[in-house]
Amino acid sequence: MSRVRIIRGQEWARPVRPVRREVLSATPELEEGRPPLLFVPGFGHGAWAFAEHWLGHAVSRGFPAYALSLRGQGGSEAAPRTSLRSYVHDVVQVAAGLPRQA
């Protein structure tokens, strides 16, 4: 007899609450078919950390570039009960919404 076991029951019981996320973008004038770059800051930083130099540098090399602010950071909406799981959710959702695979 085989038993069915739910390994991640908490994820089904309490899904991550969606929030509005800040995503800054910069795209090259001429599309060269290069994959987009997604910049993800560490805790305490936001998309602003990449806006001044890194987004422009990536665009100058022909890459579309995006920078994300995780929930509760930068210009993103704050959310109660923030966890590593919710931060991963933010990154996955933004990456899935890019025009092409990063």
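The values are calculated or read from the model by the stated rules, or taken from the named source; none is laboratory data. Because the structure is a prediction, the values reported are computed rather than measured. Please note: Cβ atoms are built from the backbone with ideal geometry, for glycine as well, and neighbour counts cover all protein chains shown. Keep in mind that these areas ignore ligands, DNA and RNA; they rest on the heavy atoms of the full protein, side chains included. Shrake-Rupley method; radii C 1.70, N 1.55, O 1.52, S 1.80 Å.
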Checked pairs for region 15-27, first of a type in the set (Asp, Glu), second open to solvent by less than 80 Å² (accessible area, probe 1.4 Å), C-beta under 8 Å and 6 or more apart or across chains, list as 22/46; 22/47; 22/68; 22/69; 22/74; 22/75; 22/76
Scanning region 1-28 for residues that are modelled with pLDDT of 90 or more and open to solvent by 80 Å² or more (accessible area, probe 1.4 Å), the one nearest to residue 93 (Cα to Cα) turns out to be 20
Scanning region 45-65 residue by residue, those in contact with a helix residue (DSSP H, G or I) (Cβ under 7 Å, 6 or more places away or on another chain) and of a type in the set (Phe, Trp, Tyr) turn out to be none
Pairs returned, first residue in region 46-65 that is more than 25 Å from residue 20 (Cα to Cα) and touching a residue at least 24 places away in the same chain (Cβ under 8 Å), second residue that is in a helix (DSSP H, G or I) and β-branched (Val, Ile, Thr), beta-carbon separation under 6 angstrom, 6 or more apart or interchain, are none
Subset of region 55-88, residues touching a strand residue (DSSP E or B) at 6+ places or on another chain (Cβ under 6 Å) and part of a helix (DSSP H, G or I), comes to 55, 58, 59
Apart from one, (1) under 13 Å from the mean Cα position of the chain (by Cα); (2) of a type outside the set (A, V, I, L, M, F, W, C); (3) open to solvent by 30 Å² or more (accessible area, probe 1.4 Å) all hold for residue 83; the odd one out is (1)
query = Do we find a residue being open to solvent by 50 Å² or more (accessible area, probe 1.4 Å), modelled with pLDDT of 90 or more, of a type outside the set (Gly, Ala, Ser) and not in a loop (DSSP other than H, G, I, E, B) anywhere in region 33-48?
reply = yes
